[in-house]
1. Determine the pairs where a residue that is touching a residue at least 40 places away in the same chain (Cβ under 8 Å), located within the stretch 105-116, has a partner that is part of a helix (DSSP H, G or I) and not hydrophobic (A, V, I, L, M, F, W, C) with Cβ atoms under 7 Å apart, the partner being 6 or more residues away or on another chain.
2. Tally up the residues in the stretch 120-160 that are more than 28 Å from Phe109 (Cα to Cα) and either among the small types (Gly, Ala, Ser) or in contact with a Phe, Trp or Tyr (Cβ under 7 Å, 6 or more places away or on another chain) (or both), please.
3. Let me confirm something: among Ala146, Ala128, which residue is among the small types (Gly, Ala, Ser), surrounded by 10 or more Cβ atoms within 10 Å (Cβ to Cβ) and without any contact (Cβ under 8 Å) to a residue 12 or more places away in the chain?
Amino acid sequence: MSLVLRALRSALLMVAVIAPLFVALAPAYAVQPDEVLPDPALEQRARALSQNLRCMVCQNQSIDDSDAPLARDLRLLVRERLQAGDSDGQVIDFVTARYGEFVLLKPRFGWHTALLWVAPPAVLVIGAVIVLLGFRRRPAVAETPALDAEEKRRLDEMLR
C-alpha cells in the first residue's frame with residue numbers, strides 16, 4: 001500500500017511542477033516577428049484589435065492566435081490601417097465592411113444580432129420559471145399512517 005501511495009505522491013508532484021509550465025505557455029501568439037510594429041503603442045493597439053477579430057479559416061480563434069495565412073493577412077491589414085492613422089473604430093469598421101460582421105468575435109448589438117444577445121438570458125429565465133412551476137405543482141407528500149396491530153401481525157408473518 002505504501003508503494004502505491006509513494007507512486008501517487010510522485011505523480012501529483014510531477015503534475016504540480018509541469019502544470020504551471022503549460023499555463024505559462026498558453027498565451028503563445030501566432031504573430032510573427034516581421035509583423036511587429038516598431039511603435040509599442042501601435043503594436044499594443046494592433047494586438048488588442050486582432051484579439052477581437054475572428055480568423056475566417058479557423059473560425060474559433062482570433063487572428064492573433066491563428067497561424068492561417070488569411071489571419072496573417074488580416075493582422076498585416078490591421079497594422080497598415082493603424083499606421084495610416086485610423087482609430088480603432090475605423091479599423092474595425094474597415095475590416096467589417098470588407099469581411100462582414102462574422103469577422104467580429106463579439107458581434108455588435110443590432111436588430112440582426114439581437115437574438116444572439118437576448119436568447120441566452122431568455123433561455124435561463126424560461127428554465128428558471130419552468131423549474132419553479134415544477135416545484136410548486138409537485139404534490140405534497142402525504143404522511144403514511146402508522147400500522148395498526150393487525151397489519152403489524154400480518155407483516156411479521158410474511159417476514160418469517
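1. none
2. Qualifying residue count for the region: 5.
3. Result: Ala128 is the single residue among Ala146, Ala128 that is among the small types (Gly, Ala, Ser), surrounded by 10 or more Cβ atoms within 10 Å (Cβ to Cβ) and without any contact (Cβ under 8 Å) to a residue 12 or more places away in the chain.
Just so you know, all these numbers are worked out from the coordinates, no wet-lab data involved. Since the model is a prediction, treat every value here as computed from it, not as a measurement. Ideal geometry is used to build each Cβ from the backbone, glycine not excepted, and the neighbour counts take in all protein chains shown.
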